[in-house]
Amino acid sequence: MNDTITVCGIVATEPRHLVTETGIAITSLRLASPSRRWDRQTSTWGNGPTNWYTVTAFRSLAANVNRSLSKGDRVVVTGRVRIRNWERDGRGGTSVEIDAEGIGHDLAWGISNWMRLPRHVTEATAAPGSSPRVDHDTGEVHEDIPDAAHPPVEAVPDDTHPDERQGADDSLAAMLTPAGEPPDHPVGLDAA
């Protein structure tokens with residue numbers, strides 16, 4: 001099934017992390033997606049029904065989720081959805097599962113401190129000794145064993161606009177004209 005869904009919700013359980021015998025990292029959690037409704041009679045907001053999802057992340061996403069999310073965090077999840085019927089002990093129901101393709105903090109509810117890691121840092125399948133160690137308290141990346149196969153990755157400043165980076169061909173500054181002079185072509189409009 002290739003149906004994709006995006007859900008905003010609250011991490012309802014501490015993420016469970018494991019690594020399989022074949023070295024694949026898996027992290028799962030329960031996600032509660034409550035709805036808020038305006039009650040016209042009382043002129044107040046009230047809670048509506050809550051949708052529940054089981055979210056599963058794999059490989060580097062699983063490792064990053066395990067290090068980044070905690071119970072109670074507001075998140076946005078996107079991924080492939082599966083709906084399954086189940087029966088157990090004479091009871092039955094329907095479960096909705098999301099195989100996550102992306103997960104992040106919901107910035108409508110707070111701020112986040114994001115850090116880019118070299119791709120091999122979070123891969124559970126990286127060769128032993130080939131990946132750096134991440135200090136969970138400070139977020140610093142330490143090279144334990146120098147490895148020529150994984151040269152250091154130069155960080156790109158995240159606060160720099162792409163047009164301001166060295167070598168940008170189509171910079172915003174090149175599109176601006178001196179004050180009082182009309183542009184040669186309408187900016188942002190397709191010529192007819």
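The values are calculated or read from the model by the stated rules, or taken from the named source; none is laboratory data. Everything quoted here is computed from the prediction, not taken from an experiment. So basically every Cβ, Gly included, is an ideal-geometry build from the backbone, and we count neighbours across all protein chains shown. To get the accessible areas, we keep the full protein, side chains included, count just its heavy atoms, and leave off ligands, DNA and RNA. Shrake-Rupley method; radii C 1.70, N 1.55, O 1.52, S 1.80 Å.
Annotations
- Boolean, G9 is open to solvent by less than 80 Å² (accessible area, probe 1.4 Å) and part of a strand (DSSP E or B): yes
Condition check ((1) out of contact with any strand residue (DSSP E or B) (no Cβ under 8 Å at 6 or more places or on another chain); (2) assigned to a loop (DSSP other than H, G, I, E, B); (3) modelled with pLDDT of 55 or more) across all residues:
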residue: D99; (1), (2), (3): no, no, yes
residue: A108; (1), (2), (3): no, yes, yes
residue: M115; (1), (2), (3): yes, yes, yes
residue: A124; (1), (2), (3): no, yes, no
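- Within the stretch 69-94, the set of residues being touching a residue at least 12 places away in the same chain (Cβ under 8 Å), open to solvent by 30 Å² or more (accessible area, probe 1.4 Å) and not aliphatic (A, V, I, L, M) comprises S70, K71, G72, D73, R74, T78, R80, R82, R84.
- Matching residues, the stretch 29-68, being out of contact with any Leu (no Cβ under 8 Å at 6 or more places or on another chain), outside any strand (DSSP E or B) and either within 12 Å of V7 (Cβ to Cβ) or open to solvent by less than 30 Å² (accessible area, probe 1.4 Å) (or both): S60, A62, A63
- Qualifying residue in the stretch 30-41 (condition: modelled with pLDDT of 95 or more and among the charged types (D, E, K, R)): yes
- In the stretch 15-28, the residue that is nearest to I103 (Cα to Cα) out of those that are open to solvent by less than 60 Å² (accessible area, probe 1.4 Å) and β-branched (V, I, T) is T27.
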